[in-house]
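S.K.: What follows is a structure written as structure tokens; I'll ask about it next.
The values are calculated or read from the model by the stated rules, or taken from the named source; none is laboratory data. Remember, it's a predicted structure, so these values are computed and weren't measured experimentally. Note that we place each Cβ from the backbone using ideal geometry, even for glycine, and neighbour counts take in every protein chain shown. The accessibility values were calculated without ligands, DNA or RNA, using every heavy atom of the protein model including side chains. Shrake-Rupley method; radii C 1.70, N 1.55, O 1.52, S 1.80 Å.
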Amino acid sequence: MQALKRKAIALAFALCASTAHAQAAPDWAHFGGDIGDTKYSALDQINPETIARLKVVWRAPALDPAVRAENPGLVASNNFRNAPLVAGGVMYISNQLGQVEARDPASGKVIWRQADIPGETSARRAGASRALALWGEGDARRIVTVRGSSLMLLDARTGALIETFGDKGRVDLRGVSRTVFSWNAPAPIVVNDVIIVGGQPIALGTGDINKASLPGDVRGYDVRSGKLLWTFHTIPREGEPGVETWENDSWRQGGKTKVWSAFSADEALGLVYLPLSAPSNDYYGVARPGDNLYANSLVALDVKTGRKVWHFQTVHHDLWDYDLPSPPMLADIKVNGQLRKAAIQVTKMAYVFAFDRATGEPLFPVVETPVPASTMPGEKASPTQPIPAKPAPFDRQGMTEDQLIDFTPALRAEAVQILSRYVHGPMYTPPSVAGGPDGKLGTLYLPGWVGGANWTGAALDPETGIAYIPSVSVPWIGRDNYVRPPEDSLYMEGPQGLPMVKPPYGRITAIDMNSGDHLWMVPNGGGPRDHPALKGLDLPPLGQAGRAAPLLTKSFLFIGEGDMVGLSIPKLSGGPMFRAYDKQTGAVVWEADLGAGTTSPPITYMHGGKQYIVVGVAGVDHPAELVALALD
């Protein structure tokens, strides 16, 4: 079996299915490296012969030090998620206040910082967006950014507003929303001269997940003028296709169903791809009977008109907060010997869906499969869910005794006892009433809302068609009211404070998307091996349950251990290590301690003849900063 896997890996690396993304471009001009979100660069100065010389060459705060000097009492969030962009010899970031900063790629030093927005005092309470977007070249290069409720176009040379855009450089996004527009930091994208933005309009300014929120409609704006070109209703309205999936006219009160991470696009096809979230309430669907389109759907829109070209719903009537967490990765792969234009979507459920990105046709069969019914009064869970025949799931699914830790008999027995307090079962077991006649505390399900995969997504090598997917094994509790009572935690602790399930708690899985076959899986990090309850046990790496973002180069997969306790949901999560993995075997070939967990996606670029890798790190007591690595 291992010999066959090695042969499959070698064949995949020889395939070279597409070269469109594989050019060794010196820049990192998009959130995911390219507009197809592959997170791949063909740069190869850092290679097997030179990797031993890789070291930290500069560190820089994620906020211009002058801002802190001007505002001594300022408290900026260390939850820094921004992926820097590099183009034309300049790095651009969204800093900890959501302001755009231009940096020197060789040192991280600030070149300029975006000016404060007149009259918008909330700007200083904003946070970093996941990414900016760039448009144009040379002196005409522009930066697209959203801060607070303003969509802005900046001159990339100076940071000045382009006054011919909107109202003197700004478009007020509240003008097209029924109430306050709250930007929840997805990355905008520019496709064929159209800016596409999504967001999170929240009713009455509340973020209470138990209350209805407004739909997260997606909009297209002219990049030159700021004119609104179109609006796509992520929850259909009366007379629109899909409205029938909101029974009893529940679409009138439906909310969320938004893009909260980023978009990807195919400029040649003129399509932008929307990975949409769950509707509100994430765990309770009594008020929204039906399949609830376009929630949990991958939707392809014509960028010029906003017209829907195709969609695929990955979860019907979501009750688990199984948002599509990241944009699909776009590349050409060979399926059954035929070259296909693919959109590859990873999910919180640990499934990978692969589609023809022009038509939406699944590249591997998807089967509507019977799943457990709901016991919640008034709840009508979908009787089936779509499950891809290939690839196999990349992480654990379903909460049964077989999943529980078994490091020692005592830990196993305690895990079984804890599990008995909850409703549990196979994949898609619905939430249940807590404190009902059966005495259960709700439903314990796996994967939980944190994944599986999360907003950090996966990476795809367009030369081989191999996807590299980081994921975590984190259960969650689903019940009738989403609250956090003091005696219980929605993130389930297991025996002695250890995780409930078997390791690895964070893993990386390599899948050949040409065939749908798994090639290898390795734990990402050591995990809780030093926990007192595991003392004396000679354990292999257990994996860190942090949301880690991948970077793929010609030679290596680079990845950290994700954000650490205090900035992330899973306990025992994250870690300060950053590693290079062999793409063919999953073996660690290099590692370094960066001093804090990685919070933002790593990027790579060439500048001054040197290849750099830059990643954001932070912790509760570790100020957010950018860390750059290069050869000595």
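S.K.: If you average the alpha carbon positions of region 460-475 and of region 594-614, how far apart do those two centres end up, in angstrom?
M.R.: Centre-to-centre distance over Cα atoms comes out at 20 Å.
S.K.: Considering only lysines 8 or more places apart in sequence, or on different chains, count the pairs in region 334-480 whose C-alpha atoms sit under 28 Å apart. Write down the numbers at each step before the final one.
M.R.: Details: 334/348; 334/390; 341/390; 348/380; 348/390; 348/440; 380/440.
Lysine pairs, 8 or more places apart or on different chains, close enough: 7.
S.K.: Leaving ligands, DNA and RNA out of it, work out the accessible area of residue 284 with a 1.4 Å probe and give it in Å² to the nearest 10.
M.R.: Residue 284 exposes around 80 Å² with every protein chain in place.
S.K.: Round to a whole number: what % of the accessible area of the chain belongs to carbon and sulfur, probe 1.4 Å?
M.R.: Answer for the chain is 53 percent, counting heavy atoms of protein chains only.
S.K.: Per 10 Å bin, what is the whole-percent P(r) computed from every C-alpha pair distance within region 301-452?
M.R.: 10, 32, 30, 18, 8, 2, 0
S.K.: Give the label of the value calculated from the structure for semi-axes √(5λ) of the Cα gyration tensor in Å, choosing from (i) 46, 31, 22; (ii) 40, 30, 26; (iii) 34, 30, 25.
M.R.: It is the value labelled (iii).
S.K.: Rounded if a/c is under 1.5, else prolate if a/b beats b/c, else oblate: with a ≥ b ≥ c from the C-alpha gyration tensor eigenvalues square-rooted, which is region 211-273?
M.R.: prolate
S.K.: If you place +1 on the Cβ of every Lys and Arg and -1 on the Cβ of every Asp and Glu, how big does the dipole about the Cα centre of region 531-632 come out, in debye to the nearest 20?
M.R.: Its charge dipole is roughly 260 debye.
S.K.: Can you send over the solvent-accessible area of residue 339, 1.4 Å probe, protein chains only, in Å² to the nearest 10?
M.R.: About 90 Å², rounded to the nearest 10.
S.K.: I'd like the distance separating the alpha-carbon centroids of region 68-91 and region 360-432, in whole Å.
M.R.: 40
S.K.: Could you work out the helix-only [θ] at 222 nm for the chain, with each DSSP H run of four or more residues adding -39,500 (n - 2.57) and the total divided by the number of residues, to the nearest 500 deg cm²/dmol?
M.R.: Calculated from helices alone, the mean residue ellipticity at 222 nm is -1500 deg cm²/dmol.
S.K.: Shifting gears a bit: At 1.4 Å probe size, put 227, 348, 256 in order of accessible surface, largest to smallest.
M.R.: Ranked list, largest accessible area first: 227, 256, 348.
S.K.: Ignoring ligands, DNA and RNA, how do 152, 577 rank by accessible area with a 1.4 Å probe, largest first?
M.R.: Details: 152 0, 577 40 Å².
Reading off the accessible areas and sorting them downward yields 577, 152.
S.K.: Follow-up question, since we're still on this one. Roughly how big is the chain's charge dipole about its Cα centre, with Cβ charges of +1 (Lys, Arg) and -1 (Asp, Glu), in debye to the nearest 20?
M.R.: 460
S.K.: Return the lysines within reach of residue 168: Cα separation strictly under 20 angstrom, same-chain partners fewer than 8 residues apart disregarded; answer none if there are no such residues.
M.R.: 227
S.K.: How much accessible surface does residue 259 have with a 1.4 Å probe, in Å² rounded to 10?
M.R.: Surface open to solvent at residue 259 totals about 0 Å².
S.K.: If you count only protein heavy atoms with a 1.4 Å probe, what accessible area per residue comes out for the chain, rounded to a whole Å²?
M.R.: Per-residue value: 36 Å².
S.K.: Run the reach check for residue 55 against aspartates and glutamates, Cα to Cα strictly under 13 Å, same-chain hits fewer than 8 apart removed. What comes back?
M.R.: The reachable aspartates and glutamates, counting only those whose Cα sits under 13 Å from residue 55, are 591, 593, 632.
S.K.: Follow-up question, since we're still on this one. Going by the alpha-carbon gyration tensor, a ≥ b ≥ c the square roots of its eigenvalues, is region 38-148 rounded (a/c under 1.5) or, if a/c is not under 1.5, prolate (a/b greater than b/c) versus oblate?
M.R.: Numbers: a/c = 2.19, a/b = 1.56, b/c = 1.41.
Verdict is prolate for region 38-148.
S.K.: Now for a different question. Looking at region 407-466, I'd like the Rg to Rh ratio, where Rg is from alpha-carbon atoms and Rh is Kirkwood's inverse mean 1/r.
M.R.: On the way: Rg = 17.5 Å, Rh = 14.6 Å.
Expressed as Rg/Rh, it is 1.20.
S.K.: While we're on this one: Label residue 75 and residue 417 with points 7 Å out from Cα along Cα→Cβ: what is the distance between them in nm?
M.R.: Going from the residue 75 label point to the residue 417 one covers 4.0 nm.
S.K.: Then there is this: Give, in nm to one decimal, the length gained when the segment between residue 410 and residue 339 is fully stretched (0.36 nm per residue of separation minus the Cα-Cα distance).
M.R.: Numbers: separation 71, 0.36 × 71 = 25.56 nm, distance 5.29 nm.
Between residue 410 and residue 339, full extension yields an extra 20.3 nm.
S.K.: Among the lysines, which fall within straight-line cross-link reach of residue 535, defined as a Cα-Cα distance under 23 Å, with same-chain neighbours fewer than 8 residues apart omitted?
M.R.: 502, 571
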